[in-house]
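To start, the structure itself, in structure tokens.
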Number of protein chains: 2
Amino acid sequence: MANLCHLGTASVTRQLQDLATHPYNLAREGALQADGRIEKYVCSSGPFRLLYSTQRVDERVLDGLQQLADECGLVEQFVRMRSGEVMNRIDGFECENRQVLHTSCRDLFTANPKSPEATAKMRAELDRLKEFLGDVERGAIVNERGETFTTMINVGIGGSDLGPRAIYEALKPYGLPGRSVQFIANVDPDDAAEKLAQVDLSRTLVNIVSKSGTTLETLTNELLVVNRLREAGLDPAHHCLAVTGQGSPMDNPEKYLRSFYMYDYIGGRYSATSMVGAVMLGFYLGYDQLLEFLEGAAIIDYTAENRDVRENVPLLMALLGVWNHNFLGSASLAILPYSQALHRFPAHLQQCDMESNGKSVDRQGGTVNYLTGPVVWGEPGTNGQHAFYQLLHQGTEIVPVEFIGFIKSQYGSDLEVKGSSSQEKLLANLLAQALAMAVGRPDENPNRNFAGNRPSMVLMAERLTPQTMGALLAIYEAKIVFQGFVWNINSFDQEGVQLGKILATRILESMKGRVESGAEVEKRFLEAATTGINTTHDG
Amino acid sequence: MANLCHLGTASVTRQLQDLATHPYNLAREGALQADGRIEKYVCSSGPFRLLYSTQRVDERVLDGLQQLADECGLVEQFVRMRSGEVMNRIDGFECENRQVLHTSCRDLFTANPKSPEATAKMRAELDRLKEFLGDVERGAIVNERGETFTTMINVGIGGSDLGPRAIYEALKPYGLPGRSVQFIANVDPDDAAEKLAQVDLSRTLVNIVSKSGTTLETLTNELLVVNRLREAGLDPAHHCLAVTGQGSPMDNPEKYLRSFYMYDYIGGRYSATSMVGAVMLGFYLGYDQLLEFLEGAAIIDYTAENRDVRENVPLLMALLGVWNHNFLGSASLAILPYSQALHRFPAHLQQCDMESNGKSVDRQGGTVNYLTGPVVWGEPGTNGQHAFYQLLHQGTEIVPVEFIGFIKSQYGSDLEVKGSSSQEKLLANLLAQALAMAVGRPDENPNRNFAGNRPSMVLMAERLTPQTMGALLAIYEAKIVFQGFVWNINSFDQEGVQLGKILATRILESMKGRVESGAEVEKRFLEAATTGINTTHDG
């Protein structure tokens, strides 16, 4: 990567800074009508279409962003990543030093996968999964009473929870008849207690997901569930599956009905298309729809190799994000899907983006002198319109928005009220919000004045299906990776989570009255938090 | 309010700006050990205890914040609000011009409520609710087949959804046996379809909540549910309740089994303790636990009148928030409850805070020249630790955190793994994160270096119960209101949501081929979004 530039060294950065002193004014009279802008600023990749006329860019800015992409070799690095280069590293310092091959999990639909060995491993796991699912389906694998399994509990946290859960929620209408899935993630014992109260354990498969096989929250919740199985007179080894690294403590046929493998080149937050997501999705959706989901992601991976920023949705989204964050100064990014089914997708992206790009050290170990990843947050529309949109339109913080919408609903169950269907209202509201943020509206009453000129973009597809869900996931994965390349950071490790683990151990020791020397602060903080809590009161 | 200062005019503002040039350095050796800081920087209100030694403040800053509170008359304004002054206004401009009396709904536990008339109305509604709930309980009100009602569907959006839903989720273990609640909010037809698939409509009460009785999403979803009831051969007037303004289109005994009233002095986002929350919570928790919830809120309202910032949790939280946002420059605020039961509470606060304080115009109609409300977001820990905490510890954005924790779990179902219970691990992790953000840890490997000096605070109570949930809600309501006073904005209207509604109507017209003159942009944007969407692909 020696010859590649980044945001701090690219020659075009200065030019973009100049352009950012007078960015396109979306609130100017006729700003959106000009030059066929609305139709011209549309970009397609696979089943998705990106409308970006409501961004504060013009041809000069787009040319500058193209140059930035070229100077930084963004697509070149993406291809190298897909081909198995060790991208998870910091030159000259101890680091994970791993390949980054989540894309290999879906590189199944071509005769020439980019990383043949990794894709062959995935194929082998998928074949094992297909056989297992077939056995469950036709009753070759059944419970103690000879009944079929109807429910899965997914036990995992972080990347082994958020992505799979968001996708499950998104694809609920596509489930096989009678199948359902519950998720347990939090070490909070109330989380497991509530979920376990909702299932018939005798007909439940428990899918325990941990790459290392040592994640404390997951082992704790596994034990909770295993105890419950035993209390119910059930054999855990007959109900539990593992998704883990080959050779990990969880790769154990005596304890698990099956162990499916993930590999150290699959980062947790990028693992939804590996066996981490595939076992649960295969159980719920069936194998064929699982493949459709993977194919949707694969389509995007191929289109993401297009060097033209105007014809590559994830690349363009990445660069527009850099424009808003680094050049126009926004601190956070809102992702607002107009689809209730996507209600957990922003939480997954919050993880994928912030854990990848919330970094301050570059890939040579230096401290960056520009902003890296923004805060990412969001909730589904139209709900949000009745909540935080006030700030988006009239607040002092400028928050760029990525809207996500679909032309058709999933269930097709709808009705007309006041001349339009709910799905039409949903879409109309989405588009209206993007326009309102852009154009604003002057009013003599200052409290009713909308200054406008607030950037957003709209990502559209026909319908939320297994295939479009796979594509949507891959668009964001590629976008995040492209941004990491622009910022010259390692988007694939997460050293920032380590210190908390160490201090938590010290506090647990304090709770047991074992205070190590040097752990005085932890002890005092614990005491301040837990002593003198009032439990009764009167008004 | 003529004589009161605000952030732009208070004499202490300049002094605080000076102090902000060299704020307390939490990462300095011994910074937390000094001067009994950990024990001294603890503040209690009702059942909650706030630890704030991990904020970047010292005695001079706290004195400055006390002076800011005094100069701005924050507590004085809070008392005036509670006493019925018309606080929802902009001087000299058309505005809602209403009292702000959500606190009157819980001012039930004293002989001398601050707004006797409003509290008397709430008492009357509560009496009607008590009678109704009693009838449901003892089978005097039953379904067509003489069976009791077990389920409630809550139909509402924004303030009629997020607060009640967050509280329901938080108090799930306290429900009456056999009772459950579902929520339909989104105009997305898939939302209603999915929820309706989960209930036995014959044993379901439908609680339709809209102050005006004209909220489009809610009327649409009401009609969806009513059609389903009819299709199932059930009489909607026998299943539907309304919570609405007296005299609204929904105040109609022919259509509803009962209509309960809310009043124009209760803002949607502050309405969880009015009948908006009370009908659903009363059904689920029973009347007595509903009262405990209201009492928890009342306790905080009383303690929030304490003028000493060091002895008033919501006031102190408000001022620490202003310190971080306006003086130290943070753009967003993370609210991270270490309780899975509070998983929707950040979304409620996102609404309550951002809709209240995402404003740019002051109460005299001028444009503010300082920042108002921040972006508010959050997810439960420990889940978040495996997701976005990377950015909190090592990102380039500084995000202040408000942690929320409890000493005991709700269900009491727990087990020991590696020498500690899950609840102990949960609490240890919470405290560890606050400490890690504050003190950091130097490391020769730059990628493993933690700079620290990132502010957070910890809000603790013994257990999440109806009473502590009421208190927690009221703490945040008061905090938000105090901040609005500091910023001299009207925290009680939401003009910023209007423009989107107008443009949505224009786009709906466009969909029907009726394009008004001047609506060309809407038409073109709609066409760009919906034409040429690819539906089939190959890799």
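When only alpha carbons are used to place a centre, region B:214-252 and region B:37-61 end up 48 Å from one another. Other residues with beta-carbon under 15 Å from the beta-carbon of B:D70 carry, at +1 per Lys or Arg and -1 per Asp or Glu, a net charge of -4. Give the residues of region B:202-221 whose amide nitrogen is closer than 17 Å to a point set 7 Å from the Cα of B:D235 in the direction of its Cβ. Under cut-off, by backbone N: B:202-206. The charge dipole of chain A, taken about the Cα centre with unit charges on the Cβ atoms of Lys, Arg (+1) and Asp, Glu (-1), comes to about 340 debye, rounded to the nearest 20.
Sequence-ordered 3J(HN,Hα) estimates for region B:440-453 from the Karplus curve with 6.51, -1.76 and 1.60 and θ = phi - 60° stand at x, 6, x, 8, 5, 7, x, 6, 10, 7, 10, 6, x, 6 Hz, glycine and proline given as x. Across region B:484-493, coupling constants 3J(HN,Hα) worked out from phi with the 6.51/-1.76/1.60 Karplus curve, θ = phi - 60°, read x, 5, 4, 7, 6, 10, 7, 7, 10, 10 Hz, and Gly and Pro carry x.
To make sure I understand, if each residue's beta carbon is the centre and we count other beta carbons within 10 Å, what order do B:H343, A:H239, A:H386 fall in, fewest to most? Mind dumping the intermediate values first?
Working: B:H343 20, A:H239 23, A:H386 26.
Ordered by Cβ neighbours within 10 Å, fewest first: B:H343, A:H239, A:H386.
Between beta-carbons, use under 13 Å as the cut-off and find the net charge around B:V376, counting Lys and Arg +1, Asp and Glu -1. So the surrounding residues net to -4. Quick one: of the DSSP bridges fully inside chain B, what percent are antiparallel, nearest 5? In chain B, DSSP labels about 30 percent of beta bridges as antiparallel. Per-residue ellipticity at 222 nm from helix content only, as computed over chain A with -39500 (n - 2.57) for each DSSP H run of at least four residues, stands at -12500 deg cm²/dmol. Relative to the current alpha-carbon distance between A:E311 and A:E520, full extension at 0.36 nm per residue lengthens the span by 69.5 nm. Sorting A:W323, B:W377 from the fewest to the most surrounding beta carbons within 10 angstrom yields A:W323, B:W377. Residue by residue, region B:246-253 carries 3J(HN,Hα) couplings of 4, x, 6, x, 8, 8, 9, x Hz when phi is fed to the Karplus relation 6.51 cos²θ - 1.76 cosθ + 1.60 (θ = phi - 60°); x denotes Gly or Pro. With a Förster radius of 25 Å applied to the C-beta separation of A:K501 and A:N97, the computed FRET efficiency comes to 0.75.
Within the straight-line cut-off of under 14 Å between alpha carbons, the aspartates and glutamates reachable from B:K114 are B:E76, B:E85, B:D301, B:E305, sequence neighbours fewer than 8 places apart in one chain being disregarded. Under 20 Å from the 7 Å Cα→Cβ point of A:D18, by amide nitrogen: which residues of region A:53-69? Those under the cut-off are A:57-69.
The distance from the alpha carbon centre of region B:451-494 to that of region A:453-478 is 34 Å, rounded to a whole number.
Just want the ordering: A:V100, A:V486, from fewest to most Cβ atoms lying within 10 Å of their own Cβ.
Details: A:V100 24, A:V486 28.
The order, fewest Cβ neighbours first, is A:V100, A:V486.
Working from the Cα coordinates of region A:102-295, the gyration tensor eigenvalues give, after taking √(5λ), semi-axes of 25, 18, 16 Å in decreasing order.
Based on every Cα atom in region B:452-499, Rg and the maximum pairwise Cα distance Dmax equal 15.4, 45 Å.
Compute the signed sum of charges (Lys and Arg +1, Asp and Glu -1) over the other residues within less than 11 Å, Cβ to Cβ, of A:A31.
Net of charged neighbours comes to 0.
Overall dimensions of chain B, expressed as equivalent-ellipsoid semi-axes from the Cα gyration tensor (√(5λ), whole Å, largest first), are 39, 28, 27. The loop-placed GluC sites (Glu not before Pro) in region B:20-108, going by DSSP, that have at most 10 neighbouring Cβ atoms within 10 Å of their Cβ come out as B:E29. Just counting partner chain Cβ atoms within 10 Å, what average do the residues of peptide B:347-359 show around their Cβ? Other-chain Cβ atoms within 10 Å of each residue's Cβ, averaged: 5.
Quick one: dipole size for region A:394-539, taken about the Cα centre, charges +1 on Lys/Arg Cβ and -1 on Asp/Glu Cβ, in debye to the nearest 20.
On the way: 14 positive and 17 negative charges, 26 e Å.
Taking the Cα centre of region A:394-539 as origin, the dipole is about 120 debye.
Label point of A:E444 (7 Å along Cα→beta-carbon): distances to the other copies' equivalent points are 7.3 nm, sorted ascending. Taking a point 7 Å from the Cα of B:T530 along the Cα-to-Cβ direction, the residues of region A:316-357 with backbone N closer than 18 Å to it are A:338-339. Only lysines eight or more places from B:K121 in sequence, or on another chain, were considered; those with a Cα closer than 24 Å are B:K130, B:K211, B:K255. With its label point defined 7 Å out from Cα along the Cα-to-Cβ axis, A:G30 lies at 7.0 nm from the matching points of the other copies, in increasing order.
Provide a whole-number value for the mean count of partner chain Cβ atoms within 10 Å of the Cβ atoms in peptide B:444-454. Could the numbers behind the result be given before it?
Details: counts 2, 8, 11, 17, 10, 6, 5, 2, 1, 0, 0.
Per residue, the number of nearby Cβ atoms from other chains is 6 on average.
For the protein assembly as shown, with only Lys/Arg (+1) and Asp/Glu (-1) charged at the beta-carbon, what is the dipole magnitude about the Cα centre, in debye rounded to 20?
Values: 98 positive and 130 negative charges, 24 e Å.
Computed charge dipole of the protein assembly as shown: roughly 120 debye.
Distances between equivalent label points of A:G178 across the copies, with each point positioned 7 Å along Cα→Cβ, amount to 2.8 nm, shortest listed first.
Readers should treat all values here as calculations from the given coordinates under stated rules, not as data from a laboratory. The structure displayed is predicted, hence computed values, not measured ones. Cβ atoms come from the backbone with ideal geometry, glycine included; neighbour counts cover every protein chain shown.
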